[in-house]
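Please read the structure below before turning to the comments.
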Amino acid sequence: MLTTSPDRPAGTAGVPDLIDRLRRSGLQGRGGAARPVAAELDRVRAAGPGGVVVVNGVEGEPLSRKDATLLTTVPHLVLDGAVAAATTVGAPDVVVCAAAGPGLEAVRRAAGERGGVDGPVHVHVVAAAPGFVAGQESAVVAHLDGFAARPRGTGVPLWRSGLAGRPTVVKNVETLARTGLLARHGHQPDTVLLTLATAAGPRVLEVPAGSALDVVLDREGVATGAGVLLGGYHGTWTPSDVTVPLTVDAVRAGVVRPLLAGECPLAVTAVVVGHLAAASVRQCGPCTFGLPRLHQLTLALAAGRLDADGVHELRRTVGLLVDRGACRHPDASARTVASALTAFPAEVAAHRRGACLAARAVAA
Ligand SMILES: Cc1cc2nc3c(=O)[nH]c(=O)nc-3n(C[C@H](O)[C@H](O)[C@H](O)COP(=O)(O)O)c2cc1C
Ligand code: SF4
């Protein structure tokens with residue numbers, strides 16, 4: 001298991017076949033996009049020596065706690081993974097960018113305890129800028145370069161020119177903890193690490209990949225209302241009568257947010273879109289104009305004030321945002337709304353008549 005691994009620096013600089021181990025394990029990034037890790041390290045290695053490995057511990061997703069938990073409980077494992085990755089790609093520097101709090105303090109302490117196990121690799125620890133968009137990889141690099149933490153729209157990939165113009169790879173904290181296990185032992189667990197958002201607060205748990213969502217929720221004693229938001233604010237809705245296997249592709253950034261009994265999925269979607277619209281730094285059209293309109297329309301739908309034309313405009317606005325913007329923010333926000341419309345068609349129809357099925361189910 002990830003969080004219960006012994007946390008001592010293992011001296012993983014110079015694991016000879018790390019990229020092969022990553023490829024064989026099929027490790028996908030755990031920061032949201034689920035991209036294969038081996039291919040990204042290969043690319044930055046091919047870009048030449050002198051690069052940087054950035055550990056993304058921003059965790060801007062409001063419901064997520066898994067990365068702070070890992071930084072607090074197994075900071076050396078995360079650093080072992082980052083140093084092994086850096087050595088493999090010929091990067092002399094690892095930069096950890098983590099949200100203020102116990103995770104940042106723990107990894108700062110751990111960096112000071114490494115005692116020369118990292119060979120020529122230097123580990124630096126920097127406090128992250130706050131905010132949802134500050135965790136996007138080019139925004140992290142902009143912050144580390146001393147600029148505002150905004151995604152850049154240059155089209156130049158980070159592996160070609162990232163931090164201080166150097167080849168850069170940005171990896172999520174959990175991804176690097178798993179890389180650390182691969183470097184230490186040659187394998188990493190086939191599990192997903194989740195933050196379960198419950199009424200009593202967030203709970204971090206690790207379950208076998210492919211576990212059935214309803215079984216996990218039952219075991220955790222969490223009763224579910226109309227559905228579950230999987231993957232956090234950039235995630236997708238699934239109705240509670242559908243069985244979902246908890247794979248990396250399904251859980252993405254790892255957040256599981258069940259609706260409470262009586263909680264309306266469309267009202268929660270409106271709150272989520274409100275947060276996402278406010279989080280945008282408004283440097284591209286889709287975020288500046290599209291997200292505020294998406295928020296207005298989802299609010300109106302949740303309040304039962306949207307007629308058939310309004311729902312049509314909502315669907316059109318979703319379509320206009322997909323594959324637009326300098327980063328995935330508008331795209332992913334639109335997909336969250338699209339998934340609500342797909343998962344809860346009866347609720348959408350009820351709201352067009354000014355009713356709410358979730359509220360009615362509790363009153364009955
Ligand atoms: C708006 C936005 C916010 C993001 N926030 C985070 C974050 O807080 N932490 C994170 O690891 N990845 C975040 N990502 C994903 C990163 O851009 C990047 O894909 C990730 O750090 C790569 O690491 P991985 O391959 O290990 O997943 C965000 C992406 C977007 C579009
Ligand atoms: S799409 Fe939105 S969040 Fe992304 S860079 Fe453009 S304005 Fe910023």
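Only the coordinates and a few stated rules stand behind these numbers; no lab work does. Computed from a predicted structure; not experimentally measured. Using ideal geometry, Cβ is built from the backbone for each residue, glycine included, and neighbour counts are taken over all protein chains shown.
Distance between the pseudo-spin-label points of His312 and Ala46 (7 Å out from Cα toward the beta carbon): 4.8 nm. Placing a label point 7 Å from the Cα of Ala164 along the Cα-to-Cβ direction, the residues of segment 59-90 whose backbone N falls under 16 Å from that point are 90. I'd like the distance separating the alpha-carbon centroids of segment 173-250 and segment 318-364, in whole Å. After rounding, the separation between the Cα centres reads 22 Å. Take every DSSP beta bridge whose two residues both sit in the chain; close to 45 percent of them are antiparallel.
The order of Ser280, Ser240, going from fewest to most other C-beta atoms within 10 Å of their C-beta, is Ser240, Ser280. With helices as the sole contributors, the chain gives -12500 deg cm²/dmol at 222 nm; each DSSP H run of n ≥ 4 counts as -39500 (n - 2.57), and the sum is divided by every residue.
The orientation-averaged projected area of the convex hull spanned by the Cα atoms of the chain comes to 17.2 nm².
Put simply, the convex hull of the Cα atoms in segment 191-258 casts, on average, a shadow of 3.9 nm². To the nearest ten degrees, helix 173-185 and the longest principal axis of the Cα atoms of the chain are 40 degrees apart.
Neighbours of Val216 by Cβ distance under 12 Å: Lys/Arg scored +1, Asp/Glu scored -1, total -2. When you filter the GluC sites (Glu not before Pro) in segment 86-138 for DSSP loop state and at most 13 other Cβ atoms inside 10 Å of their Cβ, you are left with Glu113. Rounded to the nearest 20 debye, the dipole size of segment 191-258 about its Cα centre is 180 debye, using +1 on the Cβ of Lys and Arg and -1 on the Cβ of Asp and Glu. Taking the C-alpha atoms only, the angle from helix 291-302 to the longest principal axis of the chain is near 40 degrees.
Using bins of 10 Å that start at zero, the share of Cα-Cα pairs per bin across segment 18-185 amounts to 11, 44, 38, 6, in whole %.
Near Val170, once Lys and Arg are set to +1 and Asp and Glu to -1 for all other residues with Cβ below 14 Å from its Cβ, the sum equals +1. For the chain, modelled as a GNM with alpha-carbon contacts under 10 angstrom, which of Gly285, Gly131, Gly180 fluctuates the most? Most flexible of the set in this elastic network: Gly285.
Dividing the convex hull volume of the alpha carbon atoms of segment 181-323 by its residue count gives 148 Å³ per residue.
What the Cα atoms of segment 265-363 give is an Rg and a Dmax of 13.2, 45 Å. Farthest towards the positive end of the charge dipole of segment 149-247, among the residues Val156, Pro208, Ala223, is the Cα of Val156, using unit charges on the Cβ of Lys, Arg, Asp and Glu. On the beta carbon distance between Ala361 and Thr4, with R0 = 35 Å, the FRET formula returns roughly 0.30.
Within segment 18-185, DSSP assigns beta bridges of which about 5% are antiparallel (rounded to the nearest 5). Taking other C-beta atoms within 10 Å as the exposure proxy, His122, His185, His329 rank His185, His122, His329 from fewest upward.
In a simple Cβ point-charge model (Lys, Arg +1; Asp, Glu -1; nothing else charged), the chain has a dipole of about 560 debye relative to its Cα centre. For the pair Glu113 and Ala148, a Förster radius of 35 Å applied to the C-beta separation gives a FRET efficiency near 0.60, rounded to the nearest 0.05.
Annotation for Thr288 and Ala39: the two label points, set 7 Å from Cα along the Cα-Cβ direction, are 3.3 nm apart.
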